[in-house]
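See below for the structure under consideration.
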Amino acid sequence: MTTILIVDDDINILQLVKIHLAEAGFKVVQAKDGTQALAVLKREGCDLAVVDVMMPFMDGYALTKVIRKKYDIPVILLTAKNQIEDKEEGYKSGTDDYLVKPFEPKELQFRIEALLRRYDKQSDESVIHLGNTTINKKSYEVQFGERTILLPLKEFELLYFLAKNSMQVFSRDHLIEHIWGIDFEGDERTVDVHVKRLRERFSKLTDDFHIKTVRGVGYSLEATRK
């Protein structure tokens, strides 16, 4: 079931939205401020967040920035304001959509469904899950639970390509052409060096996958069965 996080300090809004979305088939989890919302996100696998702008402790803009940094989910901002400057601030913080109060719950539902369809298509192409490891080509981040690391560009591209085509064996020449380009003037040892670095980085961080050497052929990434 798709899980929607609703964050608003107005209990009436929380209840109204929860009732409507539950009737539409969504699971709804709630928070009354940004701090509570981050705690919920930490323990719940949410698919989308609906965030009010005006809240105590952490406003919606700040919360959206944190969500955008840590979680690959769409965000809809709710606000009582309709000024272009407020919308600009919302989009700068990373929101995907913007809905002005008062609003019809049905319109919120339509916007949620549209964003989920869009993200599903993007996720199919840019986000790879291997156990507890997420490789995100949109942000060029690799995440293990709560920990996120940034790799040098070529290391990330090599890891992403191997993960996207897991269990397939690629020659060094093939990898050089795909990652570095046909005009690359180095040699195949470049691939060996980058694979070695990836192994060194991840051997201590996760056992969700490993990069296997296929003697006389090249390399293959294999996900660990658990």
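The values are calculated or read from the model by the stated rules, or taken from the named source; none is laboratory data. Just so we're clear, the structure is a prediction, and the values are computed from it rather than from any experiment. Note: ideal-geometry Cβ built from the backbone for every residue, glycine included; neighbour counts use all protein chains shown. We work out accessible area using only protein heavy atoms, side chains counted, and drop any ligands, DNA or RNA first. Shrake-Rupley method; radii C 1.70, N 1.55, O 1.52, S 1.80 Å.
Taking the options Thr95, Thr134, name whichever one is buried (at least 17 other Cβ atoms within 10 Å of the Cβ), touching a residue at least 40 places away in the same chain (Cβ under 8 Å), closer than 30 Å to Phe209 by Cα and under 16 Å from the mean Cα position of the chain (by Cα). Explain how you work it out, then say what you get.
Details: Thr95 fails: closer than 30 Å to Phe209 by Cα.
Going through Thr95, Thr134 in turn, the sole match is Thr134.
Quick grid of which residues meet (1) touching a Pro at 6+ places or on another chain (Cβ under 6 Å); (2) in a strand (DSSP E or B); (3) open to solvent by 40 Å² or more (accessible area, probe 1.4 Å); (4) within 25 Å of Phe170 (Cβ to Cβ):
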{"position": "Glu107", "(1), (2), (3), (4)": "no, no, yes, no"}
{"position": "Glu113", "(1), (2), (3), (4)": "no, no, yes, no"}
{"position": "Leu116", "(1), (2), (3), (4)": "no, no, no, no"}
{"position": "Ile128", "(1), (2), (3), (4)": "no, yes, no, yes"}
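Which of the residues spanning segment 137-168 are open to solvent by 70 Å² or more (accessible area, probe 1.4 Å) and within 16 Å of Asp208 (Cα to Cα)? Full working, then the answer.
Here is the first cut: in segment 137-168, the residues open to solvent by 70 Å² or more (accessible area, probe 1.4 Å) are 137-138, 140, 146-147, 150, 153, 164, 167-168.
Glu146, Arg147, Lys164, Met167, listed by residue number.
If I filter segment 69-79 for residues that are exposed (fewer than 14 other Cβ atoms within 10 Å of the Cβ) and outside any loop (DSSP other than H, G, I, E, B), do I get at least one hit?
Here is the first cut: in segment 69-79, the ones exposed (fewer than 14 other Cβ atoms within 10 Å of the Cβ) are 69.
Going one step further and asking which of them are outside any loop (DSSP other than H, G, I, E, B), we end up with 69.
Looking through segment 69-79, at least one residue is exposed (fewer than 14 other Cβ atoms within 10 Å of the Cβ) and outside any loop (DSSP other than H, G, I, E, B).
Among the residues of segment 164-216, count how many are closer than 23 Å to Tyr140 by Cβ and assigned to a helix (DSSP H, G or I).
21
Restricting attention to segment 178-226, and to residues there that are small (Gly, Ala, Ser) and surrounded by 12 or more Cβ atoms within 10 Å (Cβ to Cβ), which single residue is farthest from the chain's Cα centre (by Cα)?
Here the answer is Gly218.
Would you call Met1 over 19 Å from Tyr71 (Cα atoms) and not in a strand (DSSP E or B)?
Details: over 19 Å from Tyr71 (Cα atoms): no; not in a strand (DSSP E or B): yes.
No: the conditions fail for Met1.
Among the residues of segment 48-66, how many are open to solvent by 60 Å² or more (accessible area, probe 1.4 Å) and under 19 Å from Leu115 (Cα atoms)?
The total comes to 1.
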